[in-house]
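Report on the structure given below.
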Amino acid sequence: MTDDFAADGQLAKAIPGFKPREPQRQMAVAVTHAIEKSQPLVVEAGTGTGKTYAYLAPALRAGKKVIISTGSKALQDQLYSRDLPTVSNALKFTGKLALLKGRSNYLCLERLEQQALAGGDLPVQILSDVILLRSWSNQTEDGDISTCVSVAEDSQAWPAGHQHQ
């Protein structure tokens, strides 16, 4: 696994501009051991260390299910849409990858319908957003609210349209 982080390793071969960093390699070794022994691991490392690849590569090489939890939706989206594809392609990973989100990240059609029925009692902007949400709900494949660009994420139309907590 540590060979993945060498100057001539899989990551360097597949990722333009990849440069080996000793702290990154050390972290990858620690992550590998933690996964192998099913033990928790806490790592603190500065900006530019290469933390993301240092835990993604061992996770992909582990040969078993690994859950990676993030502190923000922005980091979650970055990992799933950018970093995971990059590292998994570099390592020729053929297993399954999945993005798991809590149900509050999805539109609740029942609540949206209730809000639409109460439309006359809503302020104009919220009612307008509810109409946009109804239209979007007919087009979305999974109801993931992060993919709706027609309604601002701070719109008052959202709370009533989210899945029950």
Item to check | the chain, dipole about Cα centre (Lys/Arg Cβ +1, Asp/Glu Cβ -1), debye to the nearest 20 | outcome: 740
Item to check | Dipole-positive endmost among Ala118, Thr140, Ser150 within segment 105-161 (Cβ charges, Cα centre) | outcome: Ala118
Checklist entry - Where a ≥ b ≥ c are the square roots of the eigenvalues of the C-alpha gyration tensor, would you call segment 2-90 rounded, which needs a/c under 1.5, or, failing that, prolate if a/b is larger than b/c, or oblate? => result rounded
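Restricting to DSSP H runs of at least four residues, report the calculated mean residue ellipticity at 222 nm for the chain, -39500 (n - 2.57) per run over all residues, nearest 500 deg cm²/dmol. Walk me through the numbers on the way to the answer.
Working: 8 runs with 72 residues, N = 165.
Result for the chain, helices only: -12500 deg cm²/dmol.
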Next on the checklist: If I build a Gaussian network model for the chain, linking alpha-carbon pairs within less than 10 angstrom, which residue out of Lys37, Lys101, Lys92 has the largest mean-square fluctuation?
Outcome noted: Lys37
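Could you compute the net charge surrounding Ile35? Neighbours are other residues with a C-beta less than 12 Å from the C-beta of Ile35; K and R count +1, D and E count -1.
Values: positive: Lys37, Arg61, Lys64, Lys65; negative: Glu36.
Around Ile35, the surrounding residues sum to +3.
Summing Lys, Arg as +1 and Asp, Glu as -1, what charge do residues with Cβ under 11 Å from the Cβ of Val87 carry, Val87 excluded? Could you put the intermediate results ahead of the total?
On the way: positive: Arg61, Arg82, Lys92; negative: Asp4, Asp83.
Residues close to Val87 contribute a combined charge of +1.
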Next on the checklist: Can you give the local net charge around Asp154? Use residues other than it whose beta-carbon is closer than 15 angstrom to its beta-carbon, Lys and Arg +1, Asp and Glu -1.
Outcome noted: -1
Item to check | Shape call, segment 80-132: gyration tensor on alpha carbons, a/c limit 1.5 | outcome: prolate
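When only C-alpha pairs under 8 Å and at least 6 residues apart count, what is the relative contact order of segment 2-90, in percent? Please list the in-between numbers first.
On the way: 75 pairs, mean separation 26.3, N = 89.
RCO, segment 2-90: 30 percent.
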Checklist entry - When ranked by the protection proxy of mean other Cβ atoms within 10 Å per residue, highest first, what sequence do the peptides 54-62, 25-33 form? => result 54-62, 25-33
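Taken together, the values in this text are just the output of simple stated rules run on the coordinates, not laboratory data. This is a predicted model, so every value here is computed, not measured. Methodologically, a virtual Cβ is constructed for each residue, glycine included, from the backbone with ideal geometry; neighbour enumeration extends over all protein chains shown.
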